[in-house]
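Structure record follows, encoded as structure tokens.
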Amino acid sequence: MPQGISKRVAQQIVETVKDVCNHNINFIDAKGIIFASTDASRVGDFHEIGKQVIVTGQTIEVESDNSYFGTQKGVNIPFVYKGETIAVIGISGAPKEVRQYAYLAQKITALILREHEMEAQSNSRKEQMHYVVRTLITGEQVSHNYFLEVLENYHADPSADYHTVLVQLDARYNPSNLSLIEQHIYRAFDKTGSALSTFQYPNEYVMLLEADKLEKYRYVLQNLADNYRDILKIGIGNAYPLKKQSQSYLAAQIALRSLSAGQNMALFESLSLEILLGSITADAQSRFLQKTIAKLDEKERQLLKVYFDNDLSLQKTCEQLFIHKNTVQYQLDKIWKISGYNPRCFREAVILYLGLRLS
């Protein structure tokens, strides 16, 4: 197979050239073997003139079919890649008819190869960036020189502090329009000017955002959160140098876990009690809920929430719920009996409050 040219690319070349000249096109490798053709029956055949073109580097025209082994009449032109003749483009037909397409075929081949080269380079750079971002957020070691080279490629300041921005899709959500949602996530990332991002299987999108840009572009992330309120949530870690982004990533995870019902975006720097709540493991959370509010129904939990929101004021709770003071007292006593914790006792009320926040 010619250097830098895959069979898929070669087939794309011959089909593109045929669209222009309406003649069968062969792509012949350095051994004289046809490895791509618009005439599928010729793929794999030896092409004697094609081999001669490789050796001489000169265009050879054939006036009649079968005058050379495996060769039909036509024009066979060398294709030079990085100073070396690596393939031959054969255009089938009377030379006086197809000669005019020889230069065009070379140009089309060069353009298609250049396009694929640029795509490959772009993919390679993206893979480098993804590797560096994943390495930073997991705290793995990476070559310092390689690290600086990738950052330079993406115009990222290695001396700045960064926030890890973590966008997490609901694992239960299996949308038919996932590609559209991904486009919106990456579009939001692009608007911030940060090129440092990656995808973490199965449902996390990560971006490293310079600390001095967070306030300027916070609205972009908030809009993303608002537009997909039931589908995704966003956690933003605190600012650290790039080499300590694993700490910012952990903070972003805590911010995500701190989110309560109705919320889907949190900054670690804005958290207080939520830092503790977000740090609790799922198993510990489940055990705590079983010991506190698991036996309370939705109505009893709602009364507790209003009671705590009003700083344990019976009067304000009554006014907000439009119920009599005696009814509130009765319900609080019932909650005490069911849960074992008295919501009118400060220390025990704190335990019930934490249970509500964790639920």
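The values are calculated or read from the model by the stated rules, or taken from the named source; none is laboratory data. None of the values given here were measured: they were computed from a predicted structure. Every residue, glycine as well, gets a Cβ built from its backbone with ideal geometry; the counts of neighbours run over all protein chains shown.
Points to keep in mind about this one:
- Condition check for V20: crowded, with 19+ Cβ neighbours inside 10 Å, farther than 13 Å from F69 by Cα and either in contact (Cβ under 8 Å) with a residue 12 or more places away in the chain or not basic (K, R) (or both): no
- Residue satisfying condition, being surrounded by 13 or more Cβ atoms within 10 Å (Cβ to Cβ), farther than 24 Å from I351 by Cα and in contact (Cβ under 8 Å) with a residue 40 or more places away in the chain, within set L289, L250, L256, L242: L242
- Contact annotation: residue pairs with Cβ atoms under 8 Å, 6 or more positions apart or on different chains, pairing a residue in segment 35-48 that is in the same structural domain as I86 (by TED's automatic domain parsing) with a partner that is basic (K, R) and surrounded by fewer than 18 Cβ atoms within 10 Å (Cβ to Cβ), are F35/K7; A36/K7.
- Each residue in segment 148-168 was checked for being closer than 17 Å to E204 by Cβ and assigned to a loop (DSSP other than H, G, I, E, B), and 0 pass.
- Residue count, segment 200-218 (criterion: in contact with a His (Cβ under 7 Å, 6 or more places away or on another chain) and β-branched (V, I, T)): 0
- Against the test of being within 20 Å of L104 (Cβ to Cβ) and under 46 Å from the mean Cα position of the chain (by Cα), the options G57, G32, G44 yield a single qualifying residue, G57.
- N76 satisfies every condition listed in (1) modelled with pLDDT of 90 or more; (2) in contact with a Lys or Arg (Cβ under 6 Å, 6 or more places away or on another chain) except (2).
- Flag if R99 is among the basic types (K, R), assigned by TED's automatic domain parsing to the domain that holds Q11 and under 17 Å from Q11 (Cα atoms): no
- Restricting segment 302-335 to residues that are touching a Lys or Arg at 6+ places or on another chain (Cβ under 8 Å) and not in a loop (DSSP other than H, G, I, E, B), the residue that is surrounded by the fewest Cβ atoms within 10 Å (Cβ to Cβ): Q315
- Within segment 268-282, the set of residues being of a type outside the set (D, E) and either out of contact with any Gly (no Cβ under 8 Å at 6 or more places or on another chain) or in a helix (DSSP H, G or I) (or both) comprises F268, S270, S272, L273, I275, L276, L277, G278, S279, I280, T281, A282.
- Residue check, K213 at pLDDT 95 or above, outside any loop (DSSP other than H, G, I, E, B) and not β-branched (V, I, T): yes
- Candidates A102, A87: the one that is surrounded by 15 or more Cβ atoms within 10 Å (Cβ to Cβ), at pLDDT 85 or above and farther than 30 Å from V206 by Cβ is A87.
- Among the candidates L296, L267, L271, residue that is free of Cβ contacts under 8 Å to residues at least 60 places away in the same chain, crowded, with 17+ Cβ neighbours inside 10 Å and not assigned by TED's automatic domain parsing to the domain that holds L169: L296
- L180 being modelled with pLDDT under 95 and in a helix (DSSP H, G or I): yes
- Residue selected from segment 291-301 under the condition in a helix (DSSP H, G or I) and of a type in the set (D, E), by the criterion farthest from N342 (Cα to Cα): E298
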